[in-house]
Amino acid sequence: MANAVGDIPPELLTPFTTDTILEVRTGKIQNMPGLSIPTGIFKSTHSERLGLTDMGFNGDEHDYTFHGGKDKAVHGYCKRHYEHWRARHPEKADKFVPGGFGENLVLEKMNERNICIGDVLAISTPEGEEVARLQVSLPRQPCFKLNHRFGIKDFAPTTYETSRTGYYFRVLREGSVGIGDTITLVERTYPQWNIERVQEYLHRDTDNEAMNVELSQLGVLGAESKERFKKRAAKAERARRRKELGEDEKAEKWRPFKVVEKKEQTPRIVSYVLETSVPDPDADERLRPGAHARLKLGNGLLRSYSIVGGSANRFEIGVALADDSRGGSKFLHEQVDVGHVLEVVSITESVRASKAASKHIFIAGGVGITAFLHLLELMKTVNWEAECHYGIRSMNDIPFRERLDALGNTVKFHAKDEGQRMDVKGIIDNIGWNHHLYVCGPPRLMDTVVAEVARKGISQDDVHYEAFQADTSGDPFEVVVENRGSRQLKVGKNETLLEILRRDIESVPSSCEAGNCGTCKIAVKSGRVEHRGTGLLEGMKNEYMLSCVSRGIGKIAIEI
């Protein structure tokens, strides 16, 4: 089990029996400083007794998107943890004071190592009268708001890596609570499951199948964590079942999808809704935003398209007719109508939201909005702050117009015919602390953003490029696959290494096939590579290449 960074005071490891409530805190919903995101993290202490119901303290407000509810009625935090954080981040010492984590109860000794899921706790007045009962329900799941609250990038993960997140209680008996009350353990059903050990399998040892199953069946564990363990256990069970059936997990599985809807979004962009009669029993009911599908078209071409919504068994895509179409968009626009059947080989996630960012900045052009539309809608639903700059030809040339209009001020249109050219330099210059940038559009827009990001010195970790048009052609080159008997291959000028490996050796994992994600990276043992795409960090380019877009120069040696 991972240990927390720094020494843990011995008294915090002592088995818990009783503690004292040092502070009782509540707060009203307000915006995070510098953002328009609602939060209840700022809480003030009270000297008077406060009423406590099964939804929390009277007057305490929650952003119910992720907080509050019966499993999270009361948040507790150990005062001694602030000593650790001040020592670790002395430059932020003034922020690490009781109440900093948005807790309702500031406690002297109770912490993640000495309380267990399901513990029943009695709260009593100094005179000994029991006034309420709580039950430990969940470890806290920190989010980006802690990063913003303390001004420390990626601070939230360190809280669960060190098991200093705090913990939630559900209310078993309503009453009133005040400073100086005692909180006493009256029942412990699961002594093996203290908060720290739950966090071990929730965040650190996530593939432990036996523990995922056990925790998914822990009745008193709150739904937020229990559902995550259930999904992991189910995924492992499906993998075991496929193995028993002798199925190759790497093998591509094609499924037929019928076009059930076709709609002209603009004169250049058409949307298609595809539905299969061969459902995937392992697929989630809803797709995560940022997914895309790889289709086999009737003319033999393979193309990937961003999904703007739906499930693994019914989804919608938007396709622009490219001026220089190599057959993909032209075939779909001119030959595919309702009733047409296409084959889909994979649906994979490409664009992942940066969960640590305080604000999300999107730059899109033309059909590039399809990569981000579903994600923007999700961010609005969960109260994440997003800003989208969308370059279009005209205000009459906007795909998925109703959905974009529903996003309100989140989307700023830049119409070319009205002289509203997108000021990429200005957008990049205004990117602030802990903001994340997402970019998708035609090559000229992508190149401009890449140059401005480099000029501003923004880290690659803070940018996601989602190319939908990749140039994969180039001079032929030779390949030696060292770990496959030094097999020699040739890649033609209009072929990709990924295609040749799949055809002549074995299936190589891939996702976007436009150089965005890095799924298809392979090890380069010797030789020179012309790197393309954005899926590799600079530090990885000496050892890897993207087999979907990058090309060797002359002769290279690889391992797969």
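Looking only at the stretch 212-239, count every residue that is in contact with an Asp or Glu (Cβ under 7 Å, 6 or more places away or on another chain) and within 23 Å of LYS72 (Cα to Cα) and tell me the total.
So the count comes out to 3.
Give me the pairs, please: first residue somewhere in the stretch 37-52 and within 9 Å of VAL24 (Cβ to Cβ) and among the β-branched types (Val, Ile, Thr), second residue anywhere and open to solvent by less than 20 Å² (accessible area, probe 1.4 Å) and part of a loop (DSSP other than H, G, I, E, B), beta-carbon distance under 9 Å, and either six or more positions apart or on two chains.
Sorted first by the residue in the stretch 37-52, then by its partner, the pairs are THR45/GLY99.
From the residues in the stretch 1-36 that are of a type in the set (Asp, Glu) and in contact (Cβ under 8 Å) with a residue 24 or more places away in the chain, which one is most open to solvent (accessible area, probe 1.4 Å)?
GLU11
Could you identify the single residue in GLY365, GLY310, GLY298, GLY328 that is surrounded by fewer than 21 Cβ atoms within 10 Å (Cβ to Cβ) and either within 19 Å of PRO443 (Cα to Cα) or aromatic (Phe, Trp, Tyr) (or both)?
It is GLY328.
Within the bounds of the stretch 508-515, is there any residue that is in contact with a Gly (Cβ under 6 Å, 6 or more places away or on another chain), surrounded by 18 or more Cβ atoms within 10 Å (Cβ to Cβ) and closer than 19 Å to SER350 by Cβ?
Yes, there is a match, as at least one residue in the stretch 508-515 is in contact with a Gly (Cβ under 6 Å, 6 or more places away or on another chain), surrounded by 18 or more Cβ atoms within 10 Å (Cβ to Cβ) and closer than 19 Å to SER350 by Cβ.
In the stretch 294-318, which residues are small (Gly, Ala, Ser) and within 20 Å of GLU334 (Cβ to Cβ)?
Passing the criteria: GLY298, GLY300, SER304, GLY318.
If only one of THR26, THR39, THR17 is among the polar types (S, T, N, Q), within 16 Å of ALA122 (Cα to Cα) and out of contact with any Cys (no Cβ under 6 Å at 6 or more places or on another chain), which one is it?
Working: THR26 fails: within 16 Å of ALA122 (Cα to Cα); THR39 fails: within 16 Å of ALA122 (Cα to Cα).
When all the criteria are applied, what remains is THR17.
For residues in the stretch 541-551 being in a loop (DSSP other than H, G, I, E, B) and in contact with a Leu (Cβ under 7 Å, 6 or more places away or on another chain), which is nearest to ASN483 (Cα to Cα)?
Ranking the candidates gives SER547 first.
Is one or more of the residues making up the stretch 530-541 open to solvent by 20 Å² or more (accessible area, probe 1.4 Å), in contact with a Cys (Cβ under 6 Å, 6 or more places away or on another chain) and over 26 Å from VAL424 (Cα atoms)?
no
In the stretch 417-440, what count of residues is obtained for those that are of a type in the set (Lys, Arg) and crowded, with 21+ Cβ neighbours inside 10 Å?
Our first condition is that a residue be of a type in the set (Lys, Arg); within the stretch 417-440, this holds for 421, 425.
Narrowing the set further to residues that are crowded, with 21+ Cβ neighbours inside 10 Å leaves none.
Number satisfying all stated conditions: 0.
Table: residues versus (1) modelled with pLDDT of 95 or more; (2) in contact with a helix residue (DSSP H, G or I) (Cβ under 9 Å, 6 or more places away or on another chain).
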| position | (1), (2) |
| --- | --- |
| ARG484 | no, no |
| ARG503 | no, no |
| THR519 | no, no |
| ILE522 | no, yes |
| GLY527 | yes, no |
| HIS531 | no, no |
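Within the stretch 197-209, can one find any residue that is surrounded by 15 or more Cβ atoms within 10 Å (Cβ to Cβ) and acidic (Asp, Glu)?
yes
Given the stretch 46-124, what strands (runs of 3 or more DSSP E) lie entirely inside it while holding 1 or more residues that are open to solvent by 30 Å² or more (accessible area, probe 1.4 Å)?
Details: elements: 50-53, 74-78, 105-107, 120-124.
Where strands (runs of 3 or more DSSP E) fall fully within the stretch 46-124 and carry at least 1 residues being open to solvent by 30 Å² or more (accessible area, probe 1.4 Å), they are 50-53.
Output the number of the condition that GLY222 fails; it satisfies all remaining conditions of (1) within 22 Å of LEU332 (Cα to Cα); (2) open to solvent by less than 60 Å² (accessible area, probe 1.4 Å).
It fails just one condition, (1).
Specify the residue that is surrounded by the most Cβ atoms within 10 Å (Cβ to Cβ); the eligible residues are those in the stretch 125-157 that are in contact with a helix residue (DSSP H, G or I) (Cβ under 8 Å, 6 or more places away or on another chain) and β-branched (Val, Ile, Thr).
Top of the filtered list is VAL136.
Picking from ARG197, ARG255, which residue would you name as being modelled with pLDDT of 95 or more and touching a strand residue (DSSP E or B) at 6+ places or on another chain (Cβ under 9 Å)?
Working: ARG255 fails: modelled with pLDDT of 95 or more.
Of ARG197, ARG255, the one residue that is modelled with pLDDT of 95 or more and touching a strand residue (DSSP E or B) at 6+ places or on another chain (Cβ under 9 Å) is ARG197.
For PRO157, indicate whether it is of a type outside the set (Val, Ile, Thr), without any contact (Cβ under 8 Å) to a residue 40 or more places away in the chain and under 25 Å from ALA223 (Cα atoms).
no
How do the strands (runs of 3 or more DSSP E) wholly within the stretch 380-494 filter down when requiring 3 or more residues that are under 30 Å from GLY40 (Cβ atoms) and in contact (Cβ under 8 Å) with a residue 12 or more places away in the chain: which remain?
385-392, 435-440
Could you run through the stretch 516-540 and say how many residues are farther than 15 Å from GLY552 by Cβ, part of a loop (DSSP other than H, G, I, E, B) and of a type outside the set (A, V, I, L, M, F, W, C)?
The number of residues fulfilling the criteria is 5.
Of all residues in the stretch 368-410 being at pLDDT 95 or above, among the charged types (D, E, K, R) and more than 23 Å from the chain's Cα centre (by Cα), which is surrounded by the most Cβ atoms within 10 Å (Cβ to Cβ)?
The qualifying residue surrounded by the most Cβ atoms within 10 Å (Cβ to Cβ) is ARG401.
Filter the stretch 301-358 for residues that are among the charged types (D, E, K, R) and in contact with a helix residue (DSSP H, G or I) (Cβ under 8 Å, 6 or more places away or on another chain); which is nearest to HIS435 (Cα to Cα)?
Top of the filtered list is LYS355.
The values are calculated or read from the model by the stated rules, or taken from the named source; none is laboratory data. Just so we're clear, the structure is a prediction, and the values are computed from it rather than from any experiment. Note: ideal-geometry Cβ built from the backbone for every residue, glycine included; neighbour counts use all protein chains shown. These accessible areas exclude ligands, DNA and RNA; they are computed on the full protein's heavy atoms, side chains included. Shrake-Rupley method; radii C 1.70, N 1.55, O 1.52, S 1.80 Å.
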